[in-house]
Each structure stands twice: as structure tokens, then as C-alpha cells.
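Take a look at the structure below.
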Amino acid sequence: MDSLRTRAALAVGLLACACAFAQGSSTSSSPPSGANYELRRGSWLPGGYAGINLGRPSYRLDCGPGGCDQPSLSGNAYVGGMFTPNFGAEIGLLSMGDLERGGGDTRAEGVNFSLVGRAQVAAGVGVFGRVGTTWGRTRIDAAPGAGIATGRASGWGPAYGLGVDWAFSSNWSAVLDWQRHRFDFAGDDNGWVRSTSIGLKYRF
């Protein structure tokens, strides 16, 4: 849990630095519209944005005879750009917290690469979806005799998600996000982890 808090603090710091840099490098004199994603040519990344989400994860793994205690917190920090008002791409760092099972814990974290599609549904409100891949690494610790394979694993897996964002200012949006990622685990090469989260997104 301490390591997740540390990652979250680092992600917040990176987001703050990105926002400060974007504000300092912008040459646009007119404020952007919060209702849509027009490309802002004065930005160092046209249509760019950065965000951070915190949520509740759920590991879809065998819990063993003792059951599972799902993590209470997941974190995701990301940066993206919109090529058009409706299509873009993003890269993000994610940590899915520690699942307690078998007298030990199971951890998953990784880097996600996704294509993003977004549609405006009301003034300042949009829905979006993403599809892509996650390079993840995992670690499983368990007590002897728990019947759970232990060790480390890494690899690529599919990822997708859906969400809603609400622009409450010209630069800031609140985000509700649902994501699902497949990770490689020791003894199980098809382990899905999902997360429902809320967060903030800053448009450059």
C-alpha cells in the first residue's frame, strides 16, 4: 500500500509539472472551449491532455481456499493527444494495487498504449472509449502449501475501457473511467484486472 501511495504521489507531481510546462509554453491568447476538443495549435502537443485517476481494482484470479482480499486502491497517470476532435492516442502508467491471497500478495502494474475515440453528448460532456495493449509485470507471493503458483512474470496483453468526462472549466475535466487489462501471472497466463476510477484531466 505504501508503494502505491508513493507511485500516486509521483504521478501527481508529474502531472503538475506537465501542466505547468504546458501553461508556460502556450502561445494562444484566446481561452479554449470546454465543450469540445478543438486542436490548439499554440500548445506543444496539439489536442494534448494529461490526467490522473484513482479507483478500486478487482483481480479475476483463483483465490484459493482462503479467499481474496481485493485491493482498495489503484492508480493511473496518462498523457495523450487528439489527432482530430474525435480520435487520438494516449500512454499511461498504471498500478493495480496488491491482492491479498494465499498468505501473500499479488501485484500487477504496467504501461498502457491505447487509441482513443470520443464523442460529445452535451455541452462540456463527452463519452470516450479506448482500445490498446498493456505491457505489464506481475509478482505473486504466497505461503507454502497455499496451492498458488508464485514468481514474477511480464508480457503484453489486450486492454480496453469506457468513460465519461465533464469539462467544468476551459482546461479541467472530471473523469469517470472503467478499464480492463490482461496481465501475465506466474501459473496463469490469462489474468484480467479491472478498475473503476475517478480522476482529473488537464487539457494543454
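Within segment 174-204, name every residue whose backbone N is under 17 Å away from a label modeled 7 Å from Cα of A149 along the Cβ vector.
So the set is 182-193.
On full extension of the chain, what length is gained from V164 through A123, given 0.36 nm per residue of separation minus the C-alpha to C-alpha distance?
13.5 nm
For segment 130-135, just list the computed ³J(HN,Hα) in residue order, Karplus coefficients 6.51, -1.76 and 1.60, θ = phi - 60°, integers in Hz, with x standing in for Gly and Pro.
Karplus-based 3J(HN,Hα) across segment 130-135 equals 9, 9, x, 9, 10, 8 Hz.
Roughly how many whole Å is it from the C-alpha centroid of segment 130-170 to that of segment 72-94?
That distance is 15 Å.
Of P144, A122, T134, which is farthest on the positive side of the dipole of segment 88-144, counting Cα position, with +1 on Lys and Arg Cβ, -1 on Asp and Glu Cβ, and the Cα centre as origin?
Of the options given, the answer is A122.
Throughout, read-outs are computed from the coordinates displayed, never taken from laboratory work. Since the structure is predicted, the reported quantities are computational estimates derived from the model, not experimental observations. Methodologically, a virtual Cβ is constructed for each residue, glycine included, from the backbone with ideal geometry; neighbour enumeration extends over all protein chains shown.
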